[in-house]
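Only one structure is covered here, and it is reproduced in the block below.
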Amino acid sequence: MISLTRWTPKLAMIAACTMLAGCSNMSTPSWWYTDQTPPSQFTPAAAPNVPANASYYNYSPAAAYAASGTGTGIGEFAPMPYVAPTYAGPQFSMIPPTPGPMTGTEVGMKVEAMRGELSNLQANVQANSDQFRLIRQETEVLSQGYHGLVAAISARLQVGTTPGNPILVQQWNEAQTQLDHINENVGKLNNVATMVAANSSVANFMLESVKTAYSISGAVDEDHRQLRIMEDDINRSLVMVERLLRELSEDVARQTSYVSSERSNLTALSMAVKNGELYGTSLSNKGAMSAPSMILPSARPFDSAVQPVISQSLVDSTSAPLVVIRFDRPNVPYERELYTALSKALERKPDAQFNVVSVSPGRGNPAFQALGTSSSRKQAEQVMRSLTDMGLSPKRITISSKSSPSVDVNEVHLYVR
């Protein structure tokens, strides 16, 4: 008989070793790793659809879209086809009057008549809205054509052309025609605004009639309920009428200012076409801007006959002229330098007044001096016309003449007041 007491420690040791050996084949628990996922359990996430030649930092959905063949390359947005904007215009969806049962009373018949009047009013307002939309669309087309012509003229003048180029003259005439049509549309807008204002008066009168109908005797409860509904319908329509009238007023003011400004620019452009060189926008559109402490000559060398005078201050330049033009030969090209000097002066002092002074030589016999004074006066008038062609208001220009023994030829001086 074998003694179990003797074998017990050995059996316990064998059992423990068997259990440890079995543990080596068990799966490792998921909580065993605390800082990283074991390689045997790691499943990589699906990689995004990144283009093969895209780096990590420049990848974007737009770049991937461009790399798909629609765009031009990585990091570039795919060019979308241009669609010309279509202006929908003021959309006024008028809600028709709310119907109601006939009560047979005097107030009930009055409410029914008001429904018919409100329907007519809404039809008129809708017609005015449609006219407004069509005028706006036509003005947009005319403006595009006008600015296209002006841009073509300016581009040709920028690269250089002959004075009075007939092609530019024709384009200028077409631009003026387009601007005239835009001005005609301003008149049409005024007519529509007048009709809308009349509709607004009708709506306000109807609203007062509804309020008065509450005090008519012989009404039933249904009549007063329908009067309240009618009052709401009229107020709703009145809001649309007032909104349309406000938009019309804003459009008229905006288009009137636009036409006035562009007429001045077109006048300045006509002088540029006549001389074959580009100057800039009309002087009437020059606003207050910050400027350096003194007037500097332009980068283009000045003609020897035109001498812009550098003045430290434009507050009172009556002692020193802003520009001196010497008429020592026929057809002196002074317009470009004159425009540059005036532009800089108006930047410093937008409300400046100007004095054009003709200076003739004060030497020789009286007959020679009289001829010099007459020709110098004509030359000053020519300079004054150039100033008005540049957009300067004639009310801001005065003209005078004098003689001086210190000059050899006729001169025209321009002073800032």
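Bear in mind that the values in this text are calculations on the coordinates, not laboratory data. If you're wondering where the values come from, they're calculated on a predicted model, not measured in any experiment. All Cβ positions, even for glycine, are placed from backbone atoms using ideal geometry, and neighbour counts span all protein chains on display.
Going from the residue with the fewest nearby Cβ atoms within 10 Å to the one with the most, PHE368, PHE327 rank PHE368, PHE327. Shape analysis of segment 106-275 yields a ratio of the Cα radius of gyration to the Kirkwood radius, Rg/Rh, of 1.30. Exposure proxy shown here: for ASP232, ASP389, the number of other Cβ atoms within 10 Å sets the order, fewest to most, as ASP232, ASP389.
On full extension, the segment bounded by ALA151 and GLU222 gains 18.9 nm, given 0.36 nm per residue less the C-alpha separation.
The ranking of THR103, THR139, THR256 by Cβ neighbour count inside 10 Å, starting from the fewest, reads THR256, THR103, THR139.
The slack between ASN275 and MET109, meaning 0.36 nm per residue of separation minus the straight C-alpha distance, is 52.3 nm.
Note on ARG133 and SER404: their simple-model spin labels are 6.6 nm apart, each label 7 Å out from Cα toward Cβ. With each label modelled as a point 7 angstrom along the Cα→C-beta vector, the ASN173-SER261 pair spans 2.9 nm.
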